[in-house]
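What follows is one structure encoded as structure tokens, with my remarks underneath.
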Amino acid sequence: MKKLTVLLVAFVALLSSAFASDWHFWGKDLDQHPEFLWGFFPTYLYGGVGYTGFEFIPGHTTDIQLMAGAGYAQRKLFQDPETGRPLHSPYENEEGGIELQYGPIIYDLVQVDWALKLVQGFWDSPVEPGDDLLSITLAYEGKFEGAMDSMKMGAVRKNWDSLPIKSLDEYVGHDSLVYPDLMGNHQYLGTNLNLGFELDLMTDDIETNDGFLFNLDIDWAPLALNSALDGEADFYSIVFNAVGAKTLYQYETNGKHWFSISLVDRFNVNWTSGDKVPVYAQKQGSLGRKVRGYASYSYNSELTIVNNLDLRFTSPALGVDGLYIRLNLFFDMGYGAGHFYNSEFRQNKFIASTGAQISFTIFDFIDLGYQVAYLINGENYAKGPSPFTSSFLFFLDF
């Protein structure tokens, strides 16, 4: 663990110096394959480079960004590929009897992503001199995904019951309506257009957090731009996100930070719908991904409303500025309503969880740690009926 942390610190420091001046580099997303080191090591990385060397509006940031990502990952899905019902849920069969559905859809994935973005700032920030109050983003995003049978096909995995992993054709065939990007030869080439607004009234220096941040993102992926291969997509998404933060206590001596406590609250409303919502968009919109302790791709309703409340404890810098230990106590609530993606099945559901996260925070760039959660209402589809779940954390935190 110590060697890995040192390597990450050196890597981030090198990138920071390499892209100085008008160029900047950042990470955006990552994914893991659970068959590689229990999912601890990232097998997919997505990041970018931006240039701010000229200004469309004098005194305000114009940022031209080029982003790319590639890697190998595993997906685990929890909707019946024919009916759209949650795979663990009981339902009545044609004879009126109750049946239980087990066994999530598990497959591997090669994915390549790219994007071109223009971010333009407006008006001066009243809380951070030199920063912009409002930023507007226009983006083109492209994606290729090639799905394939799991490397562990035939192996038994415990997900509510012990069942062998099937081939992708056995799971979804060639014409699944619930998973339109997995149709045919299970390959997908797509385009997404994005318009984003960000109102920034937040000060954030890792040690303290104060103020407010508001985001509105609109994504559109029409069928005409998402049907080049057998897999298809046709959807739109509207997401509103608000963050409020307050530093409750900070202990300093001679200008050196020793300890701080911050309260952070995030409120998110997501409406994702369309005739063909692809799997990657299902993950981004799923209630299970946003409420900690649950599984991504679960509680896949069109509308999700989530509140994440954190009480954050931050240590002094661990010998290097930018390297901290952070303890985070959380309480999450989420409500989902409407149709499950690409199906006639409807469900209104409230879920909630509480727990703790402890992590190394590296330049506010990567959080590496561990999470334990208690599920107050609802189940983790991937781990069964126990209300306690735990997992490694290795994610980019922005």
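Readers should treat all values here as calculations from the given coordinates under stated rules, not as data from a laboratory. Because the structure is a prediction, the values reported are computed rather than measured. Positions of Cβ are backbone-derived with ideal geometry, glycine not excepted, and every protein chain shown enters the neighbour counts.
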What FRET efficiency would be calculated for the residue pair L263, I358, taking the C-beta separation as r and a Förster radius of 25 Å, to the nearest 0.05?
-> 0.90
Förster radius 41 Å - calculated FRET efficiency between Y374 and D124, Cβ distance, rounded to 0.05 | 0.40
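What relative contact order, as a whole-number percentage, does the chain give when Cα pairs under 8 Å and 6 or more residues apart are counted?
Rounded, it is 11 percent for the chain.
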Which FRET efficiency value, to the nearest 0.05, is calculated for A155 and F40 with the Förster distance at 22 angstrom and r the Cβ-Cβ distance?
-> 0.70
Pick from T272, T247, T354: which is most flexible by mean-square fluctuation in a GNM of the chain where alpha carbon atoms under 10 Å apart are linked?
-> T247
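Pull out the extension gain between K246 and T191, defined as 0.36 nm times the separation in residues minus the alpha carbon to alpha carbon distance; nm, one decimal.
In short, 15.9 nm is gained.
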What residue among S298, S21, S262 shows peak mean-square fluctuation when the chain is described by a Gaussian network model with Cα springs under 10 Å?
-> S21
Compute the signed sum of charges (Lys and Arg +1, Asp and Glu -1) over the other residues within less than 12 Å, Cβ to Cβ, of G154.
-> +1
May I ask for the Kirkwood hydrodynamic radius of the chain, worked out over all distinct Cα pairs and given in angstroms to one decimal?
-> 22.5
Taking only Cα atoms of the stretch 178-308, radius of gyration then Dmax in Å = 19.3, 65
With unit charges on the beta carbon (Lys/Arg positive, Asp/Glu negative), name the residue among A139, G319, Q111 whose Cα is farthest towards the positive pole of the charge dipole of the stretch 2-396.
-> G319
In the calculated pair distance distribution of the stretch 103-208, what percentage of Cα-Cα distances lie above 22 Å?
-> 58
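Find how much the distance from L177 to D275 grows on full extension, using 0.36 nm per residue of separation minus their present alpha carbon separation; answer in nm with one decimal.
Details: separation 98, 0.36 × 98 = 35.28 nm, distance 0.92 nm.
My answer for the length gained is 34.4 nm.
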Helix axis angle, 2-18 relative to the chain longest principal axis, alpha carbon, degrees | 60
